[in-house]
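Here the structure comes first, spelled out in structure tokens, and everything after it is commentary.
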Amino acid sequence: MPKFSSRGLNMPESPIRKLAPYAVKAKEKGLHVYHLNIGQPDIKSPQTSIDVLKNIDIDIYAYTPSEGKFDYRETLKDYYHSLGFNDLTRDNFIITNGGSEALSFSLSCLCDQGDEIIVPEPFYANYYSFAESIGVTIVPIVSTIDTGFSLPDIEKFEEVITPKTRAILITNPSNPTGYLYSREELQKLADIAIKHDIFLISDEVYREYVYDGLPFHSVLDFPELKDNVIVVDSESKRYSLCGIRCGFLVTRNTKFLEIALKFAQARLSPSLIGQIIANAAHKQPLSYIENVRKEYSERRDLLVKLLNEIPGVICPNPKGSFYCTVELPVDNAEDFCLWMLKDFEYENGTVMLTPAQGFYSNQEHGKKQVRLAYVINKDDIAQSIKIIKKGLEKYNSLQ
């Protein structure tokens, strides 16, 4: 057998998708599988996007500019102006194939082999994959469920900064916990970035989905971070357009943009069709976002209430995104998730969950936790939690 790279062999499986074959088998048995495992909204995409796709009249589906289409970057500039960032121009944006490529470009621009990125955890599992793919070390700062996953003491960050530290990476609001950073917390991170002259990368793809009337604060709000901030953004969750793979980078750092463009040129261009669809989404009335936010808020309230009624379950109340990280009364959540798909059904259904271990760099953390995505309708959420409750009762009776 020919040899494979250590990088490839060490690449972690997606905790979100690794149990998918068992869900397929459950469906083949005739069960209804409720998917709380993946952030694929059931929300209808904007009608403006649907209409523009149906009416595309192009004779040649050509390459687009590596940095993205002119009109789409103009639209993004206008969108960011509506957020209050009036100094940005279209040249502050580079379009990517999803937010994932935006983050991959960012790490590639900043890091050499063996460099380090500080990431509060639990973190979006693919951060680890992106880092592994280019030989970057993730240095975790652990937050805990008993504090609702709030940012640890700032001293924790200072303790792990080394000459190899290139950036702090956060998701705000968080995937997988739904945690929302306060302005005070962001200011502390900004101060560290300035003090050590490193980057602060903020994944802000869920900024529209913040609840309870709380404000969202972007790292772009801090003028002192002009050359130290990169924002990763995407249309996937904002407009329920996951499949068009349209994301982008935003920064005021012109040198970073110059370097990132070289990576963009190396992969040729972002999707033509995706940009057309995304551009049209921004023409949808603002009521679209408002209605979706209201729906997610109601789903969150129901999910958190029902989960916390189950003995032994701990579910903090997420303030944003559409995820929560939940502790279950089991010794090994991955075993429970697998058992639910292979060996359990209730009222002709079962539930697919995501084990939370994969959202930690140390696999000893999060062993009792799962991530849930409240992206299905409220009736299905209620039924899902009923199945989880019955499943926990049965599973623990067998231990």
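Working only within segment 226-245, note down all residues that are within 30 Å of residue 196 (Cα to Cα) and either of a type in the set (A, V, I, L, M) or assigned to a loop (DSSP other than H, G, I, E, B) (or both).
Answer for segment 226-245, where residues must be within 30 Å of residue 196 (Cα to Cα) and either of a type in the set (A, V, I, L, M) or assigned to a loop (DSSP other than H, G, I, E, B) (or both): 226, 227, 228, 229, 230, 231, 232.
Are any of the residues in segment 103-115 within 17 Å of residue 366 (Cβ to Cβ) and in contact (Cβ under 8 Å) with a residue 12 or more places away in the chain?
So far as segment 103-115 goes, no, none of its residues is within 17 Å of residue 366 (Cβ to Cβ) and in contact (Cβ under 8 Å) with a residue 12 or more places away in the chain.
Go through segment 95-116 and give me each residue that's of a type outside the set (Gly, Ala, Ser), part of a helix (DSSP H, G or I) and open to solvent by 20 Å² or more (accessible area, probe 1.4 Å).
If the condition is that a residue be of a type outside the set (Gly, Ala, Ser), part of a helix (DSSP H, G or I) and open to solvent by 20 Å² or more (accessible area, probe 1.4 Å), then 101, 109, 110 are the ones that fit.
Only one of these is open to solvent by 30 Å² or more (accessible area, probe 1.4 Å) and either within 30 Å of residue 312 (Cβ to Cβ) or hydroxyl-bearing (Ser, Thr, Tyr) (or both): 182, 174, 143. Name it.
Only one candidate qualifies: 182.
Can you give me the number of residues within segment 185-197 that are in a loop (DSSP other than H, G, I, E, B) and either of a type in the set (Lys, Arg) or open to solvent by less than 10 Å² (accessible area, probe 1.4 Å) (or both)?
0
Quick one: which residue in 351, 326 is of a type in the set (A, V, I, L, M, F, W, C), within 25 Å of residue 32 (Cβ to Cβ) and under 18 Å from the mean Cα position of the chain (by Cα)?
When all the criteria are applied, what remains is 326.
Just one of 255, 237 is of a type in the set (Lys, Arg) and open to solvent by 60 Å² or more (accessible area, probe 1.4 Å); which is it?
255
Quick one: is residue 9 over 30 Å from residue 250 (Cα atoms) and open to solvent by less than 30 Å² (accessible area, probe 1.4 Å)?
It is false that residue 9 is over 30 Å from residue 250 (Cα atoms) and open to solvent by less than 30 Å² (accessible area, probe 1.4 Å).
Quick one: how many residues across segment 25-79 are within 30 Å of residue 389 (Cα to Cα), part of a loop (DSSP other than H, G, I, E, B) and of a type in the set (Asp, Glu)?
Going through segment 25-79 one residue at a time, the tally reaches 1.
So if I check each of 128, 80, which one is at pLDDT below 95, buried (at least 20 other Cβ atoms within 10 Å of the Cβ) and over 30 Å from residue 378 (Cα atoms)?
Of 128, 80, the one residue that is at pLDDT below 95, buried (at least 20 other Cβ atoms within 10 Å of the Cβ) and over 30 Å from residue 378 (Cα atoms) is 128.
Can you spot a residue in segment 371-388 that is over 19 Å from residue 315 (Cα atoms), open to solvent by less than 20 Å² (accessible area, probe 1.4 Å) and without any contact (Cβ under 8 Å) to a residue 60 or more places away in the chain?
no
List, please: which pairs have Cβ atoms under 7 Å, are six or more places apart or on different chains, and start with a residue in segment 209-225 that is outside any loop (DSSP other than H, G, I, E, B) and end with one that is of a type in the set (Gly, Ala, Ser)?
210/320; 219/202; 224/190; 225/190; 225/193
Taking the criterion of being surrounded by fewer than 16 Cβ atoms within 10 Å (Cβ to Cβ), in contact (Cβ under 8 Å) with a residue 60 or more places away in the chain and assigned to a loop (DSSP other than H, G, I, E, B), would at least one residue in segment 275-283 satisfy it?
yes
Take segment 28-52 and flag every residue that is surrounded by fewer than 14 Cβ atoms within 10 Å (Cβ to Cβ) and either within 27 Å of residue 339 (Cβ to Cβ) or free of Cβ contacts under 8 Å to residues at least 24 places away in the same chain (or both).
28, 29, 30, 42
Checking residue 168 against (1) surrounded by fewer than 21 Cβ atoms within 10 Å (Cβ to Cβ); (2) within 18 Å of the chain's Cα centre (by Cα), which test does it fail?
Status for residue 168: all satisfied but (1).
List pairs: first residue in segment 141-155 and in a helix (DSSP H, G or I), second residue modelled with pLDDT of 90 or more and among the basic types (Lys, Arg) anywhere in the structure, Cβ distance under 7 angstrom, at least six positions apart or on different chains.
154/188
The values are calculated or read from the model by the stated rules, or taken from the named source; none is laboratory data. If you're wondering where the values come from, they're calculated on a predicted model, not measured in any experiment. Here Cβ is always computed from backbone atoms with ideal geometry, including for glycine, and neighbour counts include all displayed protein chains. Note: accessible area is taken over every heavy atom of the protein model, side chains too, but ligands, DNA and RNA are not part of it. Shrake-Rupley method; radii C 1.70, N 1.55, O 1.52, S 1.80 Å.
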